[in-house]
């Protein structure tokens, strides 16, 4: 394991907590992305000796002892290029070469694409949608390098972290690796599946860890949950129950407001970060209050669709290899998970897939775009797809694309914001069930929104206001970022799609 060679920001102890509590930097992520100029023990000793001196200045101490993150891609503009030219050139601006150990950054062996802005490292689920655009741009070499980087992370740590930072090593993100492998196989043939078999099995083992130990007395372990009728589904989880280093102050504040056990609140917050939807009223008991966060009590429909696809990918590999034992095993796994998703998450009266709450043993009737995942993965029946298409058209569709949820809360994964990955999942999901006209409207509205903002700013954004395209998107823990990996990828891929 590589852990012993890595720098963990928490190793700074009281210095780390003091800096993050003092609010020296506007963004909590900034300090944890710094690189120590000297051995950590020496910096900590200097801090301990100096901190009680009346003349001590914490910000000056940080400037002296740490190398601050370099300027980001946000300085890069279109220079009046066309949007297509801008995006194809932007890949090289967002590309990072193989790393050496640098602060909290986990070194990767191959080049990769970062999202942009404050996101100076590779991110797991972002990368699949980035790869869609790389495929259109014929940058297949970068796709393969990124898949190999993720394989490296699985081999090193047993899973793909949220991003290649040591402070992300408690959690993963929505498991899109199997989709990345399939995307690469479109270019290089089915032999690619065999090449990545072992790492796919390791990632699957990470998500299913503890499954054999589940019982009525212990119905939930890490990511796996045993349900009342013997079904097993998955939830989001983080191995740690302390504040996120990259959002230390924010997490302390929310935990203090929660009125619940502080460690449990930190776990819920971290699990929501693993979902990629950080943050959304989807995870809250009270849609308006993040302090009521309950992520680990929820069985998310989208996560279980992704794991079903991972199981289907492994089944395809076993069938290629004529491994009848594993093929039979995974055929059963797929049948059981498909049935469980339908049983626990589908609501016929509402015409929507909802997350299932294991604490209340009821669905969380929260309308959000996770309902399109069973369409993307061809799990829904024709009748279910019809109801979802109607719901999308009537409740989610706006002039700038699809809103993420029906609720305005100030959280970034809520109305009025729309996000590129969910536009793509909805678009392709509806196409799968021949709702072509609706899918094309979504595509046209989203692309027009991207084009309008690009014309105004020369940039592509992390997220967009889809309800009022004259207003910039906002909300959440940090300002809207530009760059932006997955927006670029989805735009290029949508543009390449034939009607």
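Restricting to region 108-144, give me the number of residues that are assigned to a helix (DSSP H, G or I) and either in contact (Cβ under 8 Å) with a residue 12 or more places away in the chain or touching a helix residue (DSSP H, G or I) at 6+ places or on another chain (Cβ under 8 Å) (or both).
Counting residues in region 108-144 that are assigned to a helix (DSSP H, G or I) and either in contact (Cβ under 8 Å) with a residue 12 or more places away in the chain or touching a helix residue (DSSP H, G or I) at 6+ places or on another chain (Cβ under 8 Å) (or both) gives 17.
Conditions tested, residue by residue: (1) over 25 Å from residue 96 (Cβ atoms); (2) at pLDDT below 95.
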{"position": "10", "(1), (2)": "no, no"}
{"position": "14", "(1), (2)": "yes, no"}
{"position": "26", "(1), (2)": "no, yes"}
{"position": "43", "(1), (2)": "yes, no"}
{"position": "48", "(1), (2)": "yes, no"}
{"position": "61", "(1), (2)": "yes, no"}
{"position": "75", "(1), (2)": "no, yes"}
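Among the residues of region 145-166, those that are surrounded by fewer than 23 Cβ atoms within 10 Å (Cβ to Cβ) and touching a residue at least 60 places away in the same chain (Cβ under 8 Å) comprise 156, 157, 166. Do we have any residue at all in region 232-240 that's in a helix (DSSP H, G or I) and touching a residue at least 40 places away in the same chain (Cβ under 8 Å)? No, there is no match, as no residue in region 232-240 is in a helix (DSSP H, G or I) and touching a residue at least 40 places away in the same chain (Cβ under 8 Å). Residue 4 passes every criterion in (1) in a helix (DSSP H, G or I); (2) modelled with pLDDT of 95 or more; (3) within 24 Å of residue 124 (Cβ to Cβ) apart from (2).
For every residue, the table says whether it meets (1) in the same structural domain as residue 481 (by TED's automatic domain parsing); (2) surrounded by 19 or more Cβ atoms within 10 Å (Cβ to Cβ); (3) in contact with a strand residue (DSSP E or B) (Cβ under 7 Å, 6 or more places away or on another chain).
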position	(1), (2), (3)
31	no, yes, no
35	no, no, yes
39	no, no, no
42	no, no, no
54	no, no, no
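Residue-by-condition table, conditions (1) within 26 Å of residue 305 (Cα to Cα); (2) in contact with a strand residue (DSSP E or B) (Cβ under 9 Å, 6 or more places away or on another chain); (3) surrounded by 24 or more Cβ atoms within 10 Å (Cβ to Cβ):
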site	(1), (2), (3)
424	yes, no, yes
433	yes, no, no
438	yes, yes, no
455	no, no, no
460	no, yes, yes
468	no, yes, no
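Taking the criterion of being part of a strand (DSSP E or B), more than 27 Å from residue 340 (Cα to Cα), under 22 Å from the mean Cα position of the chain (by Cα) and modelled with pLDDT of 95 or more, would at least one residue in region 379-401 satisfy it? Yes: region 379-401 contains one or more residues that are part of a strand (DSSP E or B), more than 27 Å from residue 340 (Cα to Cα), under 22 Å from the mean Cα position of the chain (by Cα) and modelled with pLDDT of 95 or more.
Going by the conditions given, is residue 489 under 17 Å from the mean Cα position of the chain (by Cα), touching a residue at least 60 places away in the same chain (Cβ under 8 Å) and assigned to a helix (DSSP H, G or I)?
yes
Checking each residue in region 454-480 for being closer than 14 Å to residue 420 by Cα and at pLDDT 90 or above picks out 460, 461, 462, 463, 464, 465, 466. Within region 291-302, the residues that satisfy the criterion of being in contact with a strand residue (DSSP E or B) (Cβ under 6 Å, 6 or more places away or on another chain) and under 26 Å from residue 480 (Cβ atoms) are 292, 293, 300. Quick check on region 363-373. Is at least one of its residues surrounded by fewer than 16 Cβ atoms within 10 Å (Cβ to Cβ) and part of a helix (DSSP H, G or I)? Within region 363-373 (the criterion being surrounded by fewer than 16 Cβ atoms within 10 Å (Cβ to Cβ) and part of a helix (DSSP H, G or I)), the answer is no, since none of the residues qualifies. For region 399-415, residues that are buried (at least 20 other Cβ atoms within 10 Å of the Cβ) and within 22 Å of residue 443 (Cβ to Cβ) total 8.
The values are calculated or read from the model by the stated rules, or taken from the named source; none is laboratory data. Since this is a predicted model, take the numbers as computed values, not measurements. Heads up, the Cβs are rebuilt from the backbone with ideal geometry, glycines too, and the neighbour counts pull from every protein chain shown.
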